[in-house]
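K.L.:
Just passing along the structure, written as structure tokens.
The values are calculated or read from the model by the stated rules, or taken from the named source; none is laboratory data. For clarity, every value in this text was computed on a predicted model and none was experimentally measured. With ideal geometry, Cβ positions are generated from the backbone for all residues, glycine too; neighbour counts draw on all protein chains shown.
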Amino acid sequence: MSHTLKIGLAGLGTVGISALKRLVSMQTNIAEKAGLAIDVRAISARSRTKDRGIDLSNFHWYDDPVALAKSDDIDVFVELIGGDSGSAEASVRAAIEAGKHVVTANKALIAKHGNALARRAEANGVALNFEAAVAGGIPVIKAVRESMTANSISRIYGIMNGTCNYILTRMEEEGLSFDECLKDAQRLGYAEADPTFDVEGNDTAHKLTILTSLAFGTEIDSESVTIEGITNITSADISAASELGYRVKLLGVAKKTQTGIEQRVHPTMVPKDSSIAQISGVTNAVVIDGDAIGSVTLAGPGAGGDATASAVIADIIDLARGLEVKPLGRPVEALDPFKKSEIYAHKGGYYIRLRVNDLHGVFASIATRMAEQEISLESIVQHKKRSKLKVDAELKGTGKHQDIILITYETTENRIHNAIEAIKQDGHIVDTPQVIRIARI
């Protein structure tokens, strides 16, 4: 071969080591597919002495990833450090300004700085590839940005965090509590020691904002996502959903509306017979609705060293083949400013669980407040002991508390909010209400 694509790789965590091992062990195979030899010339990480299960003596070592990014000895800078600032941001910016192509798996960086980084990459004539930033080994970035360009996409949604999906799956299948499942996820390495970023929905939100930009041709706006995590989901909610024919999933949803674009992350009840309900464990899935293709579902491993490294290497091979596209699918200057559709205007069905005083007249009062907001109720359900669901016209006056489950027909979030506030004012509610959207996918 007449030319070699020279790589500098920063970050030797789980993904970085997996990528490095594959680039070395599959060098000949990758070169045949890429049409060029791909040679890792230099690496950078926080510790030189840590045992990573691979001999690093053949690579030039940089203590400073920014210096590596600027090195004349590389063509492509691979950033696997992580984080939306610090050395990750500084090194990517340095690489772009030095005329190096960039490959990254850093969703937080792209979500926060993607517009600016894409603009600078275009100005400097270099690529900014980030397939691995969303849904791990699933090629969803390429699908939306390149394969579906002949479509007008109306909606994109999915399960984009394996930690949350694992927890919700275990809660349903084994009747465990959220805390029990989280501890197991941490023990198995599916959840971080501090799982907040995952379970509160922030990880999904970062991925969603990137997909929103690619799907709808807008600037990335990570500040306009409505986010709810899964920490308040209880075994009672999981059980009720199952008995009503649903499963609870944490979904990221981006949708075009008449007033703008919705970006929302929240627990959702999905019908058990829907494709998205079949996604269990740590698996991810993204559904894309296009006018020409209908609905397409991409599913697979959304995290893990090898799966994510696969996407990183695919981006490198694209560069070796000379396949360069605009980072956000079109020139940054051609992107529309993001216009947010207010979440309170969102329409859909809702599951509402209220813990109320077990007193005469409570049902009637709740139904009245719902009617005042023009909310039609599909059912009012009393959650009895032993997870039995029984429709009842009125609670008997026992002086205790009971869980009341309301299933609504399509309505707006604003109406739901107003009705619950009115019920609170009546003094019937004794705990925080649970509200979960129902997606009739």
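K.L.:
State which residue is modelled with the lowest pLDDT when the search covers only region 184-200 and only residues that are assigned to a loop (DSSP other than H, G, I, E, B) and farther than 21 Å from Lys249 by Cβ. Talk me through it step by step, then tell me what you get.
P.N.:
Filtering region 184-200 down to residues assigned to a loop (DSSP other than H, G, I, E, B) leaves 188-195, 200.
Among the residues that remain, those that are also farther than 21 Å from Lys249 by Cβ are: 189, 193-194.
Working: Gly189: 85, Ala193: 89, Asp194: 92.
Here the residue is Gly189.
K.L.:
Select from region 168-183 the residues that are in contact with a helix residue (DSSP H, G or I) (Cβ under 7 Å, 6 or more places away or on another chain) and assigned to a helix (DSSP H, G or I) and list them in ascending order.
P.N.:
Within region 168-183, the first condition is being in contact with a helix residue (DSSP H, G or I) (Cβ under 7 Å, 6 or more places away or on another chain), and the residues that meet it are 170-172, 175-178, 181-182.
Result: Arg170, Met171, Glu172, Phe178, Cys181, Leu182.
K.L.:
On the basis of being modelled with pLDDT under 95, aliphatic (A, V, I, L, M), assigned to a helix (DSSP H, G or I) and surrounded by 12 or more Cβ atoms within 10 Å (Cβ to Cβ), does Ala422 make the cut? Before the answer, list the steps.
P.N.:
Working: modelled with pLDDT under 95: no; aliphatic (A, V, I, L, M): yes; assigned to a helix (DSSP H, G or I): yes; surrounded by 12 or more Cβ atoms within 10 Å (Cβ to Cβ): yes.
No; evaluated as a whole, the condition is false for this residue.
K.L.:
Can you tell me which of (1) surrounded by 24 or more Cβ atoms within 10 Å (Cβ to Cβ); (2) part of a helix (DSSP H, G or I); (3) out of contact with any Gly (no Cβ under 8 Å at 6 or more places or on another chain) is the one Leu208 doesn't meet?
P.N.:
(3)
Yes or no, residue by residue, for (1) within 19 Å of Val325 (Cα to Cα); (2) touching a residue at least 40 places away in the same chain (Cβ under 8 Å); (3) among the small types (Gly, Ala, Ser):
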residue	(1), (2), (3)
Val78	yes, yes, no
Asp84	no, no, no
Ala94	no, no, yes
His101	yes, yes, no
Thr104	yes, no, no
Lys107	yes, yes, no
Gly114	yes, yes, yes
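K.L.:
Would you check which residues across region 144-176 are over 29 Å from Gly217 (Cβ atoms), buried (at least 16 other Cβ atoms within 10 Å of the Cβ) and over 18 Å from the mean Cα position of the chain (by Cα) and list them?
P.N.:
Matches in region 144-176: Arg170, Met171, Glu172, Leu176.
K.L.:
Give all pairs with beta carbons closer than 7 Å in which a residue from region 295-323 that is among the β-branched types (Val, Ile, Thr) meets a residue that is surrounded by fewer than 17 Cβ atoms within 10 Å (Cβ to Cβ); count only pairs at least 6 apart in sequence or on separate chains.
P.N.:
Every condition considered, the pairs that remain are Thr297/Ser275; Ile317/Lys33.
K.L.:
Residues to consider are Ile54, Ile38; find the one that is assigned to a loop (DSSP other than H, G, I, E, B), in contact with a helix residue (DSSP H, G or I) (Cβ under 9 Å, 6 or more places away or on another chain) and assigned by TED's automatic domain parsing to the domain that holds Leu9. So that I can check it myself, show each step before the final result.
P.N.:
Details: Ile38 fails: assigned to a loop (DSSP other than H, G, I, E, B).
Every option except Ile54 fails the conditions.
K.L.:
Residues to consider are Gly290, Gly252, Gly322; find the one that is surrounded by fewer than 23 Cβ atoms within 10 Å (Cβ to Cβ) and under 30 Å from Gly348 (Cα atoms). Show your work before the answer.
P.N.:
On the way: Gly252 fails: surrounded by fewer than 23 Cβ atoms within 10 Å (Cβ to Cβ); Gly322 fails: under 30 Å from Gly348 (Cα atoms).
After applying the criteria, what remains is Gly290.
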